[in-house]
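Taking it in order: structure first as structure tokens, then the write-up.
The values are calculated or read from the model by the stated rules, or taken from the named source; none is laboratory data. Computed from a predicted structure; not experimentally measured. Glycine gets a Cβ as well: all are built from the backbone with ideal geometry, and neighbour counts include every protein chain shown. Quick note on the areas: whole protein, heavy atoms, side chains included, nothing else; ligands and nucleic acids left out. Shrake-Rupley method; radii C 1.70, N 1.55, O 1.52, S 1.80 Å.
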Amino acid sequence: GSAGDEPAATLAMMEEKLLRLIMNPAMIATWIAGLALVATPGIVDWTMLWPWTKAAAVLAMTWFHMWLAGQRRALLAGHGCSGRRYRVMNELPTLLMIVIVLSVIVKW
């Protein structure tokens, strides 16, 4: 590659390390901790709405994580979404986090 490819290659390496060393382990640890809480008697009352809204938001956040990993691969292959779509999708984790936190605090 040319010298112009060097920053792109460095960025691709950093993205891969971020995904492999930080994001994937954090997601796995979060799932393990969450499942441990669900398995603890008396923590979750599944007759209420809040654990279902939280679970749906956590599943959506996991889907988003996987979507981002796929987008990283697509961008490396020279494909990907429009910049506008990435900007819109960038708001999804914030909205999901609000649903998750409010579900646990309000417990409707």
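Accessible area per residue, 1.4 Å probe, Å², for the chain: what's the number?
With all protein chains present, the chain gives 71 Å² per residue.
Sticking with the crude label model, points 7 Å out along Cα→Cβ, report the distance from Thr30 to Ile98 in nm, one decimal please.
1.7 nm
Quick one: helix 92-106 against the long Cα principal axis of the chain, what's the angle to the nearest 10°, folded into 0 to 90?
20 degrees
Assuming R0 = 30 Å, can you tell me the calculated FRET efficiency for the pair Val38 and Thr10, based on Cβ-Cβ distance, to the nearest 0.05?
FRET efficiency, Val38 to Thr10: 0.15.
In whole Hz and in residue order, list the ³J(HN,Hα) couplings for the range 26-41 that follow from phi through the Karplus curve 6.51 cos²θ - 1.76 cosθ + 1.60, θ = phi - 60°; x for Gly and Pro.
5, 5, 5, 4, 5, 5, 4, 5, x, 5, 5, 5, 4, 6, 7, x
To the nearest 10 degrees, how steep is helix 5-17 against the longest Cα principal axis of the chain, on a 0 to 90 scale?
Compared with the principal axis, the helix lies near 20 degrees.
Under the rule of -39500 (n - 2.57) per DSSP H run of 4 or more residues, summed and divided by the residues of the chain, what mean residue ellipticity at 222 nm is obtained, to the nearest 500 deg cm²/dmol?
When only DSSP H runs of four or more count, the value is -24000 deg cm²/dmol.
What does the extension gain come out to for Ser82 and Arg20, with contour length at 0.36 nm per residue minus their alpha carbon separation?
Net length gain for the segment: 19.8 nm.
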